[in-house]
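Report on the structure given below.
Please treat every number below as a calculation from the coordinates, not as lab data. Quick caveat: nothing in here was measured; it's all calculated off a predicted structure. We place every Cβ from the backbone using ideal geometry, glycine too, and count neighbours over all the protein chains shown.
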Amino acid sequence: MTQAPPAQRAHTADTSRPPRASMRDALHAEWTKARTLPGTGWPLLAAAALTVIVSAAVAAAVRCPSGHCAEDPAKISLTGICAGQAVIAIVAVLAVSSEHSTGMIRVTLAAMPRRATVLAAKAAVLTGPVLVTAAVAVPGSVLAGRLILPGHGIGPAHGHPDPSLASGPALRAAAGSVLYLALIALLSLGIAAAVRDGAAAIGVVLGLLYPFPIPGQVVGSSSWHRHLEQLAPMTAGLAIQATTGLRSLPISPWAGLGVLAGWAAAALLAGGNLLRLRDA
Amino acid sequence: MTAMITRRGTAVRAERDGFGELLHAEWTKFRTVRGWVVGMIVAGLLIIAVNLIPGGECGGPQSGGQVTLGGPSCAPTLGPGGEAVADSFYFVHQPMASTGSITVRVTSMTGSYSPGGAPGQELKSALQPWSKAGIIIKASTRPGSAYAAMMVTGEHGVRMQWDYTQDAPGLAGAVSAAAPRWLRLTRSGDTITGYDSADGTHWARVGAATLPGLPRAAQAGLFAASPTSSNLISQSATGSSSSGLSTQATAVFDDVDLRGTPPSSRWSGTDVGGGTNAAYPARDGGYRQPGRALTVTGSGDIAPGLPGGTGSGGSVAGTLAGTFAGLIAVLVVATMFITAELRRGLIRVTLTASPRRNRVLAAKAIVLGAVTFAAGLPAAYMALLTGERKQHAGGISVYPVPALTEVPMIVGTAALLAVAAVLALGIGAVLRRSAAAVTAVIAALVLPYFFAGPLAVLPAGAADWLPRATPAAGFSVQQGYPRYPQLDASSTPANGYFPLAPWAGFAVLCLWAALALGLAGYLLRRRDA
């Protein structure tokens, strides 16, 4: 606190020699940080594993003995996303908050005074591994559902849509789920940049994701319930997973993902602005 | 180190090591961190804030364009004791005087449901465990009026039930042509006695009901009802509404012997509660009289009523739904109460001042628990007040709860928050990483509710253990409605119906908190600070 601000001020005040750090350098720096930290890979692996395990467990628990349930096979197969996103959120929050808690952020900002660039680089570096994780977790979940669900009376043989990736809606559900996880990561990153403290940030993220729809369940007013589901990042975003009953959805699949993207953009914007305005 | 040893030798020691001092130190730490105090206030506000969202409205535009909220269709049906009831069935009846009896033989009961939920589809055969058919003496055909009934059920044998909440078992086993059941009800004034028999000659008394104020001219006859199936519920993962499928039961009676009726009276059929109860749409209930037999088909249930299950009306627990949002804020503060100290190295100062590490942890737990309880109590009370006012303003009648149920609900909610905070403290001390600890505790407390509860991702049966075994079981302190064995209701926490009794669910949460705290104490002693 005593050392960094003067050094930093000197750096930014020196307008005759603009900082040489470009976006490429920022990306490289962030990637190096992410790569060399011992704790980055394991949580992502855990997120993928948790997603597949929960998906498989839910698929194994669903029964439709009569073969006449209104189940959505694609959605059941992808239920694990609800759990896996929490781990993704931790990774994203820690990408920012761990720098704040150790004071590393001052070094980062001294080297890279353009704070928006730093956040953009962080977002880009985070998105890549998250997309890779999701690209493992989602097909794994779909495969698990494909193997388990037909034995429980849910599958093409019983008039349900084909959950494999060959059909259009199922492919949209799977690809959308990958994007969903990436957007959750960006939302978490933006919130962490705004809140800075890890515990508070993860509390805000999970508070935004999980209990948001609950009041809607309780208020009983169908119009408000619907509005909440259209507005809440999780219920809106997960509309992308629906392959049956599209008409009864509170929001259409891609529009729902758009709502989540809006949340993520707003969080990044808020985080970026606060990062610029506040002392590190 | 040497300074400490000499100090421990002095007379100051007794004062220094006092547990009261330790509590005071922890309280000072909590009090002076602005973020934590703000966090607790935010938690309290969040619990109340959910009730500021405009709620549902019941009622609608009347003739003349005037909007009136409320009305009988917005209120749950009330039974003779003032409790909410489900009263919807097909009734084939004749008037009966104050002395009389009805005897029948039941030879078959079958059930069916419409798989798609839409009328007109092919009906699937499925008898519900609590499908009911038999004989009934009822004060009137008005839903909610007093009654006593002898019935065969889908899976629970012969029962005598009266006034919605009372239930007495009779002969076991299912009814069939090979194993018919004889049922008899005798009325003598306000007292109705039920008998059953497997052969029509040897009768056993099942129970006797006193129905105070039963009118002289009551209605007696045959009935059939079949509740909405919770096992056939179509699930939805994004929180869209999931509704049970309505089912119907058909029973065949013969040898009907009705005494105490006016000489010229004939059977008439009534769909009791039909149409007024959206949860039990009438599905072609009716009766046929081929020869001496009488076939009655009906849908619905005669049972205690629960919010969300049997018609319109709000629940008391619904006013406390904000607990989830508030809980997350509490958990963040509680975790940071230990992780911040571990991270900043303040713990070394703390442990130097008070080397007995378990006592430090205990002091932290007590201070945190007390602060959370103190913040949660007024918040829960305010939430209940604002929530009930909101429901009232929207014309929604709250399902009546037994007297003084609200006191344990409020205190229980505050205690739930306090113990959850201690659990978070323990997990924070074990994991040491605040983000991971917060996520773990939120996952343990909120996710089971989320998966098994309102969003109903898991089927009702398979998800039953989640809200029982995880710390989320603690939410059953918000149980507002008594549990009846004669009611197959899926646990819907948003409606105030939990799988465990309040004390049992709270005990599960306490056990988890004790485990976490124990492990934290063990690791705190074993690990370097």
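Modelled this way, with points 7 Å down the Cα-to-C-beta line, the labels at residue B:504 and residue B:469 are 1.6 nm from one another. Placing a pseudo-label 7 Å from each Cα along the Cα-to-Cβ vector at residue A:124 and residue B:177 gives an inter-label distance of 8.0 nm. In terms of other Cβ atoms within 10 Å, B:103, B:372 run from fewest to most in the order B:103, B:372. Each of B:351, B:445 was scored by other Cβ atoms within 10 Å of its Cβ. Arranged with the fewest first, they read B:351, B:445. The calculated FRET efficiency for the pair residue B:356 and residue B:38, based on their C-beta separation and a Förster distance of 45 Å, comes to about 0.90.
Please order B:188, A:98 by the number of other Cβ within 10 Å, starting at the fewest. Display every interim value, and only then the final one.
Values: B:188 13, A:98 18.
The most exposed by this proxy come first: B:188, A:98.
Once the piece of chain linking residue B:265 and residue B:343 is laid out straight, how much longer is it, given 0.36 nm per residue of separation minus the C-alpha distance between them? Kindly include the intermediate steps, with their values, before the conclusion.
Details: separation 78, 0.36 × 78 = 28.08 nm, distance 8.50 nm.
Going from the current span to full extension adds 19.6 nm.
With R₀ set to 41 Å, the beta-carbon distance separating residue B:190 from residue B:392 gives a calculated FRET efficiency near 0.70. The calculated FRET efficiency for residue B:198 paired with residue B:52, based on their beta-carbon distance and R0 = 45 Å, is about 0.15. Could you check how many percent of all C-alpha pairs in segment A:21-277 are farther apart than 31 Å? Here the long-distance tail beyond 31 Å is 28 percent of all Cα pairs in segment A:21-277.
The mean count of C-beta atoms from other chains within 10 Å of the C-beta of residues in B:430-443, rounded to a whole number, is 6. Neighbouring Cβ atoms from other chains, within 10 Å of the Cβ of residues in A:226-237, number 2 on average.
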